[in-house]
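A short write-up of the structure that comes next.
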Amino acid sequence: MFRSLFNRKKANSVSEVAGLTIGRSVTIDPIELKLLGVDTLLEPPQTGFMICAQGHCDLGEQSHLHRFYTDDDRYLLQIQGGDGYEDDRVDEIMLWYAYDVQYPSRDADWNDLRTRQRQSRFDLQAETSSVAFKRAWFSHSDMVEDPMTYWEDVRETRDSAAPSRIFQTAMLFGRGLSDGRDEMLLVNLEEPEDGERSASFLIGRVLPRHALIT
């Protein structure tokens, strides 16, 4: 699913962030995964990952998003922080699991998802019932709110000067679990410049930095 979608001195190549870049391996600390609540929708990975592609989004106001696509395309590692070149700041690390991916061919279905993205609550269809998530962005409001939009540049080699580009439309939702921690749902509409549009429903969990073993 994610496939459709270090040279620190070269701005047109990928950067290394928290020890991660294309071609590096990473493992999630097993102890961290054992802390998952029994009611989580996130399926914990069984093995380590190899980073096979890397995305970068400049969100403006000195905020950057770095995405690391793994050889198990059900999982995505995401770091929010500095630019990865002159600023090594790491504000947040997320592990995302692709709970569901859809490829709406009809504009009506696509527009319906865009409408649902803007609501204060999103009901995700699970195996036997729906699971309710409350909007995490714009959580102060019960009104409809526009999702975040941005371009992501994705490279599959460390020295690639010409990235693939994906227009992202995203809204973040969350819910509390029995372990006292939050589980996040990212409803992400992806429109590649040269590919098929898709809707990803990603279940995520914040990871402490020490949980990444590189």
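The values are calculated or read from the model by the stated rules, or taken from the named source; none is laboratory data. Nothing here was measured: the structure is a model prediction, and the numbers come from that model. Note: ideal-geometry Cβ built from the backbone for every residue, glycine included; neighbour counts use all protein chains shown. Just so you know, the surface numbers come from the protein's heavy atoms only, side chains and all, with ligands and any DNA or RNA stripped out. Shrake-Rupley method; radii C 1.70, N 1.55, O 1.52, S 1.80 Å.
Report, in debye and to the nearest 20, how large the dipole of region 101-153 comes out about its Cα centre when Lys and Arg carry +1 and Asp and Glu carry -1 on their Cβ.
The dipole of region 101-153 has a size of about 220 debye.
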Charge tally in the Cβ shell below 10 Å around A136, where Lys, Arg are +1 and Asp, Glu are -1, A136 excluded: +2
statement: Diffing region 40-46: the Karplus 3J(HN,Hα) column from phi (6.51, -1.76, 1.60, θ = phi - 60°), in whole Hz with x for Gly and Pro, holds 5, 9, 7, 8, x, x, 9
message: Tell me the Kirkwood radius of the chain: reciprocal of the mean inverse pair distance over distinct alpha-carbon atoms, in Å.
response: 17.8
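Excluding ligands, DNA and RNA, what is the solvent-accessible area per residue of region 20-116 at a probe of 1.4 Å, expressed in Å²?
49
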query: Short version: ³J(HN,Hα) in whole Hz for each residue of region 32-38, in order, from phi by Karplus 6.51 cos²θ - 1.76 cosθ + 1.60 (θ = phi - 60°), x for Gly and Pro, what are they?
result: 4, 6, 5, 7, 4, x, 5
field: Peptides ranked, highest mean first, by Cβ atoms within 10 Å: ranges 50-57, 122-129
entry: 50-57, 122-129
field: Cα gyration tensor shape of region 61-152, rounded if a/c is under 1.5, else prolate or oblate by comparing a/b with b/c
entry: prolate
